[in-house]
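Engineer: Have a look at the structure that comes next, please.
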Amino acid sequence: MVNFAKWGPIDKDVIVLASEIDRQFGHIPDGALIEFRFSCKNILDMDALSKSDPILIGTENRFVRLNCPYDRKIGTTEVKKNDNNPVFYTPLYTRVRKIDLKDHVMRFFMLDVDKPDHPLTSLTSHDYIGETKVNMLSVLSEPSCTFTTRLAWEDKDPRASMDGMSNGMKFGGLAYRSHGALGTITVSANVVDETVEHAMVSFSLSAAGLDKMDRFGKSDPYVIVRRALTPDAVVGSPGWVPVYRTETVKKTLDPTWQPASISLCGLAANDLHRQLMFEVYDWDAGSADDIIGYAITTLADMLAGNVSIPVINTEKAAKAARKKKSYDNSGMLTISNTQMTPISGSELGLPAPLDNIELLAWERWTVDDVVCFLVREHKYDVELAERFRAAEIDGFGFVALNDSDLKELGMTVIGRRKRLLGLIHQLKRDSDSVASNRGARASRGLGGAFAM
């Protein structure tokens, strides 16, 4: 994996031939939806009388190597209360173009939330814990698209120069310094299969006859659902990522949990045959939670009807085998009433699909998109792009520019103005052509039906 912390300022170049990208990533469609999931261990304790309350914020910059100074926020996880070993169940999503793989840098930084009702951009309301950066090309090259690395500190809080994270943030050189006490972060990426339409999945969970884990009581069970990262993932390997957790039901060996509802892409990456592991734990107040056992199935089996699976504790099974005693299971887990309800990606808050030529979709451009278009695609200098940003020119404003507007923006050379106006005219013409073709396809009834 590319180690940006080792490099220091992010102005190095990774030389990757187009043919090599095609060889490695030919299975990934252009514009693919990528899901990121996160867990951390031993993060820095920022609170005097309790543990940290961490939240993770994700940003991306597709054009770092061409010195475009803006990150775009892609989302935030949930806040984990009083937890220095957080597992985040809210994924973050983005899309990739193969042409941008080596230039597409993801940045994930963590805050300790002190005042939940204050905006995350407030430097005095939340503490900066640390962060990591990863090149998209590198993370997709990792085994199982998963890596673990130390959190690092920048020289200053990355929010210091933000003008509201929803509008992007500006940063200069990314000079890292390591800090061993910050903890580690594990990042898992997954390509979501969008040949299956998006849906919400609902199901009910219950168990019977679970092992008694508490000396003076029964058990306090809860379930963590994990998705296999690869088809050959085995129990006990790091090839599983947590995607859902139930509430804890106190003092029972026969729990019934609240019905679950999770997106199909969040649960199984839109893959009905992806292995799902249901791990049953016993919650303990003063020590690490005990695992009762696990059960494995697939969403396809869950949709076929109610599923009742033995909960297996590998340690107890191995111990019984050594002593030549019998071991059946540590209880039975029942998954019932599984249903899928179609839903659009926009309703799930997923990034919009890219057009065949992403740059034609100027109607969706933000101010930052205009800036990156100028700097990355057409090599305009950052100083000029800054003036476009200061004038708050988004996609609609960009295509409406005229010669006098460009003069006001500081383009004094007539040849440069004419070339940019010609570029805008071509952008509008090509975009109209794409929209016309898309409308013709829709009128012929080529929309896809919901696929099971």
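Engineer: For residue 356, indicate whether it is at pLDDT below 80, part of a loop (DSSP other than H, G, I, E, B) and among the polar types (S, T, N, Q).
Structural biologist: yes
Engineer: Just to be sure I understand, how many residues within the stretch 184-234 are in a loop (DSSP other than H, G, I, E, B), within 21 Å of residue 289 (Cα to Cα) and in contact with a strand residue (DSSP E or B) (Cβ under 8 Å, 6 or more places away or on another chain)? Please lay out each step first, then the result.
Structural biologist: Within the stretch 184-234, the subset in a loop (DSSP other than H, G, I, E, B) is 193-198, 209-220, 229-234.
Checking the rest, the ones that are also within 21 Å of residue 289 (Cα to Cα) come to 209-220.
Filter again for in contact with a strand residue (DSSP E or B) (Cβ under 8 Å, 6 or more places away or on another chain), leaving 209-211, 213-214, 219-220.
The qualifying residues number 7.
Engineer: Can you tell me which residue in the stretch 38-57 is surrounded by the most Cβ atoms within 10 Å (Cβ to Cβ), limited to those that are touching a residue at least 60 places away in the same chain (Cβ under 8 Å) and more than 24 Å from the chain's Cα centre (by Cα)?
Structural biologist: 46
Engineer: Before we move on, is residue 269 aliphatic (A, V, I, L, M), more than 18 Å from residue 235 (Cα to Cα), surrounded by fewer than 13 Cβ atoms within 10 Å (Cβ to Cβ) and in the same structural domain as residue 241 (by TED's automatic domain parsing)?
Structural biologist: Working: aliphatic (A, V, I, L, M): yes; more than 18 Å from residue 235 (Cα to Cα): yes; surrounded by fewer than 13 Cβ atoms within 10 Å (Cβ to Cβ): no; in the same structural domain as residue 241 (by TED's automatic domain parsing): yes.
Spelling it out, it is not the case that residue 269 is aliphatic (A, V, I, L, M), more than 18 Å from residue 235 (Cα to Cα), surrounded by fewer than 13 Cβ atoms within 10 Å (Cβ to Cβ) and in the same structural domain as residue 241 (by TED's automatic domain parsing).
Engineer: Where residues in the stretch 212-230 are surrounded by fewer than 20 Cβ atoms within 10 Å (Cβ to Cβ) and not hydroxyl-bearing (Ser, Thr, Tyr), which of them is nearest to residue 328 (Cα to Cα)?
Structural biologist: The selected residue is 212.
Engineer: Only residues that are at pLDDT below 95, among the acidic types (Asp, Glu) and either over 19 Å from residue 246 (Cβ atoms) or not assigned by TED's automatic domain parsing to the domain that holds residue 253 (or both): list them for the stretch 283-327, please.
Structural biologist: 315
Engineer: Now for a separate question. For the stretch 250-276, which positions are assigned to a strand (DSSP E or B) and either among the aromatic types (Phe, Trp, Tyr) or out of contact with any helix residue (DSSP H, G or I) (no Cβ under 8 Å at 6 or more places or on another chain) (or both)?
Structural biologist: Those that are assigned to a strand (DSSP E or B) and either among the aromatic types (Phe, Trp, Tyr) or out of contact with any helix residue (DSSP H, G or I) (no Cβ under 8 Å at 6 or more places or on another chain) (or both): 256, 260, 261, 262, 263, 275.
Engineer: Do any residues in the stretch 343-369 that are of a type in the set (Ser, Thr, Tyr) have Cβ atoms under 8 Å from those of residues that are at pLDDT below 75 and not in a helix (DSSP H, G or I), where the two are at least six apart or on different chains, and which pairs are they?
Structural biologist: Going by the 8 Å Cβ cut-off, the qualifying pairs are 366/168.
Engineer: Here is a further query. Those residues that are over 24 Å from residue 239 (Cα atoms) and either of a type in the set (Lys, Arg) or outside the structural domain of residue 79 (by TED's automatic domain parsing) (or both), I need them from the stretch 92-146; list them, please.
Structural biologist: The answer is 97, 98, 102, 115.
Engineer: Have a look at 279, 247 and point out the one that is assigned to a loop (DSSP other than H, G, I, E, B) and in contact (Cβ under 8 Å) with a residue 24 or more places away in the chain.
Structural biologist: Numbers: 279 fails: assigned to a loop (DSSP other than H, G, I, E, B).
From the options 279, 247, the qualifying one is 247.
Engineer: For the stretch 384-391, does any single residue satisfy the condition of being part of a loop (DSSP other than H, G, I, E, B), over 28 Å from residue 91 (Cα atoms) and at pLDDT 85 or above?
Structural biologist: yes
Engineer: Continuing with this model, one more query. For residue 208, state whether it is buried (at least 21 other Cβ atoms within 10 Å of the Cβ) and at pLDDT 90 or above.
Structural biologist: In short, no.
Engineer: When you scan the stretch 330-346, do you find a residue that is more than 26 Å from residue 77 (Cα to Cα), assigned to a loop (DSSP other than H, G, I, E, B) and hydroxyl-bearing (Ser, Thr, Tyr), even just one?
Structural biologist: Scanning the stretch 330-346, I find at least one residue that is more than 26 Å from residue 77 (Cα to Cα), assigned to a loop (DSSP other than H, G, I, E, B) and hydroxyl-bearing (Ser, Thr, Tyr), so the answer is yes.
The values are calculated or read from the model by the stated rules, or taken from the named source; none is laboratory data. Only a predicted model underlies this, so the values are computations on that prediction, with no experimental measurement involved. Because the Cβ atoms are built from the backbone with ideal geometry, glycine has one as well, and the counts that use them run over all protein chains shown.
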